[in-house]
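Since the structure comes first, as C-alpha cells, the remarks are kept for the end.
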Amino acid sequence: MDTKQPKDKQSSQFAKKLRYWFKKLLQLTQLREDTDYEATIENITKSVTFRGMNLWILFFAIIVASVGLNVNSTAVIIGAMLISPLMGPINGLGLAIGIFDEDLMRKSLTNLLIMVLISLLASTLYFLISPLGDAQSELLARTNPTIFDVFIGFFGGSAGIVAMSRKNQSMTVISGVAIATALMPPLCTAGYGLATFQFRYFFGALYLFFINSFFIALSTFIFVRYLGFPQTKYMDNKRATAVKRIITVFTIIVIVPSVIGAINMIKETAFHTQAKKFVTEIQETPTFKNRQVFNVDREYNRKEQTITMSVVGTPLNSVEITELQEYMRTTYGLKNTKLIVKQTGETIDIAKQNEIIENMLDKKEQVILEKDSVIHSLQSKMSEMEQSEALSDQIAKELYVQYPNLEVFALDNLYYVNPQTGTKEKTPTVYFKWKDKAGHALAEESIIKWLKVRLEVSEIKVIH
C-alpha cells in the first residue's frame, strides 16, 4: 500500500492552513491602511517648536513636577506629565531621521536643547527656594537608570507614534505615553542636583532622560520607516545624498553609545539579580548553620563588582571564604566579582547573637503595641462620636413630634475653655431655631429639664 500520497496530502493541507492563519495575522496587525501621513508629519512638525504658549506650559509643568517630587506625591507628578509638551522635539527627531529631513532634524535638536535648558532652569529655581531639602523616594528613583527604562522608552514611544499616525488620533494613548515614559521627573531631578550641588543626581538623571528620549526617537524612526512615510525630496540629487549621509552618521553617533549604555544596564541588572540570589541561597547551606548574614552591599562598575556582607556568629575561616568566592563565580556567573566578608570576631557566641536578635524583636513589638494603642484610642473616640450623633438624631425626632414649630435642633458635647486659667470642661450644648418669632422660653425650659433627665446631666448650655 502506498502511504506517501496521504502524507503529502496532509502536509499540503497543513501548509494551506498555515498560510491562511498567517494572512489573517497580517490583516489583523496591518497599520498602513489607516495611516495619515500628511497629518502626522504636520502635527509632529508643529509640536516641535518651543515658543509662546508651549514654553510657558513647559515651565509651569516643570514647577508642578518638581513640587510633586519634593513632597513625594505620585498624583502631582502624573498631573504634570499630562500637561507637559516634552514629546514634540523627540518625536520630531525620530521623524526627521526617518524621512531624511535635515531642516526638521536641525529644528528638533535646537528645540530639544531649549526644552532641556528651560526645564533645568525652572527646576533649579524651585529647589533653590524650596524649604524641603531632603531627597524623597520619588526623586531618588530617577537617578539610577535600569534596563527597564530602555523598555519603557522604546515600547512607550512605539505606542505614541502608532497612535499619532492614525486618522483618528487617540489622545488617551498619547497621554498615557507621556506618563509611562516619564520624561519630566529626570529633568526635575537634574535641577535638584544642580540646586543642591549633588552632581551624582544631576548626571544620573540626565542620563536617564537621554536614554528615554533616545529610545522614544528610535521607536518613532523605526515605525516611520516601517509605515513607509514619504521621504523629503530635494531638487539637487547631490544635496539629497549629502543630507542622507549626514543624518546616517548622526544616527550612528547617537546609537552606538546608547547601545553600549543599554548593554551595561543589562549587565548591571544581571549582576544585582545574581548577587541577591547568591546571598539568599548561601544562608540555606550547612556552612551558615551557626551564622547569619546582615547588611549586604552591592557595588557595580565595568571592571570589577563587589559584594560586601556582614556575618554574625562563628567566624568564617580563610578556606571557607575562598570556597564561597569560587562557588559565587562558578555557580552564579559572577566572575569579576570580589566578595568581602566582615565578621564580628570570635568573642561573640550564638547565645549573644540570639540575645541581640531578641532585643531587636522586643523593640519592634513595643512599637507595634504603641501603634495598636493609638489605633484603639482613635476607634473609641469614633465610636463615641457615632453614639452621640445617633442619640442626637433620636432626640430631634422625638422633639419634632412634640413641638412642630421647632425648625432646627442640634445637640453636641462642647469644650468650654477659661482663657485666664486655661481649664476646660465638657458640657452638653443645644441649639434651637423656631419657625415663628413667638416666644418659646417656656418650651425651651421644659425641653432643657427633660434633656437633663434623659442625658443624666446637671447642666446644659443653650445657643440660639
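Observations, loosely collected:
- Check on Leu113, modelled with pLDDT of 85 or more and of a type in the set (A, V, I, L, M): yes
- Restricting attention to the stretch 184-209, the residues that are outside any loop (DSSP other than H, G, I, E, B), without any contact (Cβ under 8 Å) to a residue 60 or more places away in the chain and more than 18 Å from the chain's Cα centre (by Cα) total 5.
- When residues of the stretch 53-111 are limited to those that are touching a residue at least 40 places away in the same chain (Cβ under 8 Å) and not in a helix (DSSP H, G or I), the one farthest from Pro131 (Cα to Cα): Phe100
- One residue from Ile348, Ile375 being at pLDDT 80 or above and not assigned by TED's automatic domain parsing to the domain that holds Trp450: Ile375
- Any hit, the stretch 284-306, residues being assigned to a helix (DSSP H, G or I) and either in contact with a strand residue (DSSP E or B) (Cβ under 9 Å, 6 or more places away or on another chain) or farther than 19 Å from Glu323 by Cβ (or both): yes
- Residue ID - modelled with the lowest pLDDT, chosen from residues in the stretch 238-291 that are among the β-branched types (Val, Ile, Thr) and more than 24 Å from Phe210 (Cβ to Cβ): Val243
- Residue in the stretch 401-410 that is free of Cβ contacts under 8 Å to residues at least 60 places away in the same chain, in a helix (DSSP H, G or I) and more than 30 Å from Gln292 (Cβ to Cβ) present: yes
- Single condition Gly68 does not satisfy, out of (1) at pLDDT below 80; (2) within 28 Å of Thr196 (Cα to Cα): (1)
- Pairs with Cβ under 9 Å, 6+ apart, first in the stretch 262-276 and over 18 Å from Phe151 (Cα atoms), second buried (at least 19 other Cβ atoms within 10 Å of the Cβ) and of a type in the set (Val, Ile, Thr): Phe271/Thr337; Gln274/Thr337; Ala275/Ile307; Ala275/Thr337
The values are calculated or read from the model by the stated rules, or taken from the named source; none is laboratory data. In this text, all values refer to a predicted model and were calculated from it rather than measured experimentally. Methodologically, a virtual Cβ is constructed for each residue, glycine included, from the backbone with ideal geometry; neighbour enumeration extends over all protein chains shown.
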